[in-house]
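Colleague: One structure coming up, written as structure tokens, with questions to follow.
The values are calculated or read from the model by the stated rules, or taken from the named source; none is laboratory data. Just so it is clear, the model here is predicted, and its values are computed rather than measured. Positions of Cβ are backbone-derived with ideal geometry, glycine not excepted, and every protein chain shown enters the neighbour counts. All accessible areas refer to the heavy atoms of the entire protein, side chains included, with ligands and DNA or RNA removed. Shrake-Rupley method; radii C 1.70, N 1.55, O 1.52, S 1.80 Å.
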Amino acid sequence: MHIDPLEKKWAQISLGICALFVGIIMLDALFHSVNAPSNVETINSATLHLSEEFAEDNLGVEVDDDGNIIVRMVAGRYSFFPKKITVPADTKITFRWVSIDVVHGVHIPMTNMSTMIIPGFVAEVESSFPKPGDYPVLCNEYCGLGHDHMWSKIDVLEKDKWRALQTSSKGVAK
Amino acid sequence: MTDIAERRLALSHMYVAFIAFILACFMGEYQVLERSGFISALDSPTVYFASVSTHGVLMAYVLTTFFIMGFGYYTATTSLKVPVWNKPLAWGGFGLALLGTVLAAIPLLLGLASVMYTFYPPAQAHYLFYLGATLLIVGSWVWCGIMIVMFLQWKKDNPGEAVPLAMFATTMNALLWLWTSAGVALESLFLIVPWSLGWTDTIDPGLARTLFAWTLHPIVYFWLIPAYIAFYVFVPKQAGAFLFSDEAARAAFIVLVVFSLPIGFHHLYMDPQQAAGWKMLHGIGTFVVALPTFLTGFTVIASLEIAGRLRGGKGLFGWIGSLPWTNTMVLAVILSLLMLIFGGFGGLINASYAMNAMIHNTAWVPGHFHLIFAGTTVIMYFAIAYYLWPILTQKPLYSNNLALVQLWTWFLGMSIMTTPWHVLGLLGQPRRISSVVYNNLLTLSWEPYELLMIFGGLVLLGSACLFIYQLFKTQFSNTSAVFTGEVEYAEPIHAVGTLPEYLNDIKIWNKVIGVLMLISFGIPILQFFFLDTYDSSAWGF
Ligand code: HEM
Ligand SMILES: [Cu+2]
Ligand SMILES: [Cu+2]
């Protein structure tokens, strides 16, 4: 059995490199609140309309009693519902996604709002949008022949504008 | 020993592999054209998704599996110097796998199985597709069995001797494939096949994805190992030198096989049905498999450096220039390593739990795996084919220069195609779309990159045709010259004496894998039986 000293040294360096990467990623995950959806929360996708949370009237943006913003969205061939929502910039937003049919994925390009939407599960993701603007919401898992057409919009407003809009429409919507 | 029967066996497998490959390359070029939207007459999601599904299945399952089986049989017979054990059984496995391929191809080509090569339920394809895919896997198990029997028999007949490195690696790959395919086989047998035949009404999509993730990562190592085998056992000899270290090579193969298995959840980072702790565990394991690749890079480059210096290369980098760049195996390994370095950077991003969110399921992903799979791996399949074809057909290679042009163009085409593909991903383009209909400014920035991709694809298609032309002209030339060369395995600098059993056996590693799999997949699979999960009924596509 023969292992060259050079080779041994290189093996140690490689181990060090791998350990370094693992370390960086662990720290990043711990301190930068990595938000991959891992809530393992089941739901019956066949009866969403009967569920309290994802009934049609309860979809979209909700501000709860503590002022947290929660967005509930349903993915179904071939769109995300509601088709257009408006949220404030620079604010933590909790997205809750469900599917009514097959597997979908959702990504808002240039942001980390990305998750798979698996029938039978609620995918919860936290994100925030630093810059106001009109963002497309794209389905990024092949879900059928109309997959290309599966997208919707999200409008990100300056915080103040958004708040003004909220107060003016209170009582009208919902 | 005459090995006509073995040569026929190996050749037959490779015919299937390369026919699948060339058909799929034409589909690939059609796909880059269609998805760009530049030629409106081509626009058709129905045809496009049938094509991508077929292209994916042909490249990922048919090319690879048949190539690996054929190469494995010939490696076994030439490295152990014994005939292939139970040839009728081997032909049976071949027949089964071929039947499976044909059965799956029918619904694929008819557009009845446009569910991609990943076929995530509850979208449902025609049952023949699943049945065919299952038969292909079962056929490949026959190969695994034969490799393992030959390995054990040789060890029994040669007690205390080191199994030749090429066979050790091939058998480890057979072991890897048995474990790897078990995930998709469970998914297939217990969930998908009964459901597609209408015996069950519903299916659990979360469980199905979890089982598929079991397979999805190690399968890429199953594809990659033949390339690594060539790195270790062919390249040093072809470059005119020795293998730097036989023992380190074994260690690399062992770590590769053992640690590629329990880490599949990096494909589920973005999935809601698995908890963060399991994802992290698999994420850490993912970095462990980077280790053998670092080791391989070192050994291969060290072997090449020795060769370069033996040929008179001087100075820190002078040895690179004095390598035999006109040897197809040497050129291929250099290009392969270059693509591996770039692909490796991309892989680090994918593997990072947090950064993955930016590129998950974007065009970055096909960009990445074309570079590392269709590039790094497949270019070594070419080199192996160029090396074996004269031996298998006993005719000299038609044209070495043509082969060099082919390898260079494959490298260039792949670079031209995959660079813009990665950029498109960073610009947010999803993968697996047949057209761009999002009415958004962002999508305008995608167009120039699509154009570049079409060009890269054309170069690749031309290169693929050159490859097939070469094999054809070699085999069917009417030259009277007979090629009498045989497979030559590289010698290590230090001859291997006796080895510790753990570097010369698969049984220990089989047990280690069993334990690791239990730890990393036990609870994540069992949870579906404890949790209140809800099944889905079948949906078309
Ligand atoms: C002529 C060369 C090639 C071209 C132009 C090409 C092009 C493409 C395109 C456009 C897609 C669709 C990707 C998407 O939208 O997600 C695709 C998918 C795929 N390609 Fe290739 N390809 C080529 C060669 C190869 C090779 C050599 C391999 C592997 C050996 C390969 C493996 C795959 C696989 C596995 C998929 C399926 C991806 C999926 O289902 O998402 N391709 N290819
Ligand atoms: Cu979709
Ligand atoms: Cu993987």
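Colleague: What are the ³J(HN,Hα) values, in whole Hz, obtained from phi via the Karplus relation 6.51 cos²θ - 1.76 cosθ + 1.60 with θ = phi - 60°, for each residue of the stretch B:467-473 in sequence order, with x given for Gly and Pro?
Modeller: 4, 5, 4, 4, 4, 5, 5
Colleague: In Å and whole numbers, how far do the C-alpha atoms of the stretch B:8-51 stretch along each principal axis, longest first?
Modeller: Ordered largest first, the stretch B:8-51 gives principal extents of 46, 16, 11 Å.
Colleague: Using only Cα atoms, what Kirkwood radius does the stretch B:4-539 have, in angstroms?
Modeller: Radius from the Kirkwood sum: 24.0 Å.
Colleague: Nearest 20 debye, what's the magnitude of the dipole of chain B about its Cα centre given +1 on Lys and Arg Cβ and -1 on Asp and Glu Cβ? Spell out each step's value before the answer.
Modeller: Working: 20 positive and 23 negative charges, 171 e Å.
Dipole about the Cα centre, nearest 20: 820 debye.
Colleague: Amide H of A:ASN140: which non-local residues (sequence gap of 5 or more, or other chain) have their own amide H closer than 5 Å, using H built in the peptide plane?
Modeller: A:GLY105, A:VAL106, A:HIS107
Colleague: Shifting gears a bit: B:PHE26 to B:ASN440: FRET efficiency via 1/(1 + (r/R0)^6), r the Cβ-Cβ distance, R0 35 Å, to the nearest 0.05?
Modeller: Efficiency at R0 = 35 Å is approximately 0.60.
Colleague: Using the structure shown, list the pairs from A:LYS83/A:LYS159; A:LYS92/A:LYS161; A:LYS8/B:LYS81 with a Cα-Cα distance above 27 Å, or answer none.
Modeller: A:LYS8/B:LYS81
Colleague: Mean shadow of the stretch B:107-184, computed from the convex hull of its alpha carbons, in nm²? Walk me through the numbers on the way to the answer.
Modeller: Values: hull surface 24.8 nm².
Mean orientational projected area (the stretch B:107-184, Cα hull): 6.2 nm².
Colleague: For the stretch B:53-94, taking Cα atoms only, what is the radius of gyration to one decimal and the Dmax to the nearest whole Å?
Modeller: Taking only Cα atoms of the stretch B:53-94, I get Rg and Dmax of 12.8, 40 Å.
Colleague: Across every pair of different alpha-carbon atoms, what Kirkwood hydrodynamic radius in Å does the stretch B:443-539 reach?
Modeller: Evaluated over the stretch B:443-539, this radius sits at 22.0 Å.
Colleague: Now, a different point. Taking amide H positions as placed 1.01 Å from N in the peptide plane, with prolines and chain starts having none, which residues 5 or more places from B:LEU243, or on another chain, fall under 5 Å of its amide H?
Modeller: B:GLU491, B:ILE493
Colleague: Put one equal scatterer on each alpha carbon of the protein assembly as shown, apply the Debye formula with no solvent term, and list log10 I(q)/I(0) at q = 0.08, 0.09, 0.10 1/Å to two decimals.
Modeller: The calculated log intensity ratios at q = 0.08, 0.09, 0.10 Å⁻¹ are -0.64, -0.80, -0.99.
Colleague: Roughly how crowded by other chains is peptide A:107-114, in terms of the mean Cβ count from those chains within 10 Å of each of its Cβ atoms?
Modeller: 6
Colleague: Report the dimensions of the stretch B:267-405 along its three principal axes from the alpha-carbon atoms, largest first, rounded to Å.
Modeller: Dimensions of the stretch B:267-405 along the principal axes of its Cα atoms: 55, 38, 23 Å.
Colleague: If you project the alpha carbons of the stretch B:364-509 onto their three principal axes, what span does each projection cover, largest first, in Å?
Modeller: Principal-axis extents of the Cα atoms in the stretch B:364-509, largest first: 64, 50, 24 Å.
Colleague: Within 10 Å, at most 13 other Cβ atoms, and a DSSP state outside H, G, I, E, B define an exposed site. Report the longest part of chain B free of exposed GluC sites (Glu not before Pro).
Modeller: Values: sites that count: B:GLU486, B:GLU488.
It runs B:1-485.
Colleague: Suppose each label sits 7 Å from its Cα in the direction of the beta carbon; what would the B:ASN158-A:VAL63 distance come out to in nanometres?
Modeller: Taking the simple label geometry, B:ASN158 and A:VAL63 are separated by 7.7 nm.
Colleague: Please give the direction-averaged projected area of the C-alpha convex hull for the stretch B:119-239, in square nanometres with one decimal. Before the final figure, lay out the partial values.
Modeller: On the way: hull surface 37.1 nm².
That works out to 9.3 nm².
Colleague: Stick to Cα atoms and the Kirkwood definition of Rh, then tell me Rg/Rh for the stretch B:207-295.
Modeller: Rg/Rh for the stretch B:207-295 comes to 1.10.
Colleague: For the stretch B:179-244, state the semi-axes of the equivalent ellipsoid (square roots of 5 times the eigenvalues of the alpha-carbon gyration tensor), sorted largest first and rounded to whole angstrom.
Modeller: On the way: eigenvalues 344, 19, 8 Å².
So the equivalent ellipsoid measures 41, 10, 6 Å along its semi-axes.
Colleague: Among B:GLY297, B:GLN394, B:ILE525, flag the residue with its Cα farthest along the positive direction of the charge dipole of chain B, charges on Cβ as +1 for Lys/Arg and -1 for Asp/Glu.
Modeller: Value: B:GLN394.
Colleague: Ok, one more. What does the charge dipole of the protein assembly as shown about its Cα centre add up to, to the nearest 20 debye, if the Cβ of each Lys and Arg holds +1 and the Cβ of each Asp and Glu holds -1? Write out the running numbers ahead of the final one.
Modeller: Details: 35 positive and 45 negative charges, 330 e Å.
It comes to approximately 1580 debye.
Colleague: How many Å² of accessible area per residue for chain B, probe 1.4 Å?
Modeller: With all protein chains present, chain B gives 35 Å² per residue.
Colleague: For the protein assembly as shown, what is the calculated [θ] at 222 nm in deg cm²/dmol (nearest 500), taking -39500 (n - 2.57) for each run of four or more DSSP H residues and dividing by its residue count? Can you show the working numbers first?
Modeller: On the way: 23 runs with 400 residues, N = 715.
So the calculated ellipticity at 222 nm is -19000 deg cm²/dmol.
Colleague: Is the shape of the stretch A:61-154 best called rounded, prolate or oblate, per the rule: a/c under 1.5 gives rounded, else a/b larger than b/c gives prolate, else oblate, with a ≥ b ≥ c the square roots of the Cα gyration tensor eigenvalues?
Modeller: Prolate is the answer for the stretch A:61-154, as a/c is 1.5 or above and a/b outweighs b/c.
Colleague: Here is a follow-up. Compute, for the stretch B:133-239, the length of the dipole vector about the Cα centre, with Cβ point charges of +1 (Lys, Arg) and -1 (Asp, Glu) only. Units Debye, rounded to 20.
Modeller: Values: 4 positive and 5 negative charges, 69 e Å.
Here the stretch B:133-239 has a charge dipole of around 320 debye.
Colleague: With each label point set 7 Å from Cα along the Cα-Cβ vector, what nm distance links B:SER40 and A:GLU52?
Modeller: Result: 5.2 nm between the two label points.
Colleague: Another question about this same structure. Kirkwood hydrodynamic radius, computed over distinct alpha-carbon pairs, for chain A: how many Å, to one decimal?
Modeller: Value: 18.4 Å, from the Cα pair sum.
Colleague: OK, next. Using only Cα atoms and rounding to the nearest 10 degrees, what angle (0 to 90) does helix A:159-169 make with the longest principal axis of chain A?
Modeller: Approximately 30 degrees, to the nearest 10.
Colleague: In chain A, with Lys and Arg counted as +1 and Asp and Glu as -1 at Cβ, which of these residues, A:SER51, A:GLY16, A:VAL137, has the Cα nearest the positive end of the dipole, that is, farthest along it?
Modeller: A:VAL137
Colleague: For chain B, the longest stretch holding no trypsin sites (Lys or Arg not before Pro) located in a DSSP loop with at most 15 other Cβ atoms within 10 Å is which?
Modeller: B:82-310
Colleague: With the calculation restricted to Cα positions, what are the radius of gyration and Dmax of the stretch B:1-128 in angstrom?
Modeller: Using the Cα atoms of the stretch B:1-128, the pair Rg, Dmax is 17.8, 59 Å.
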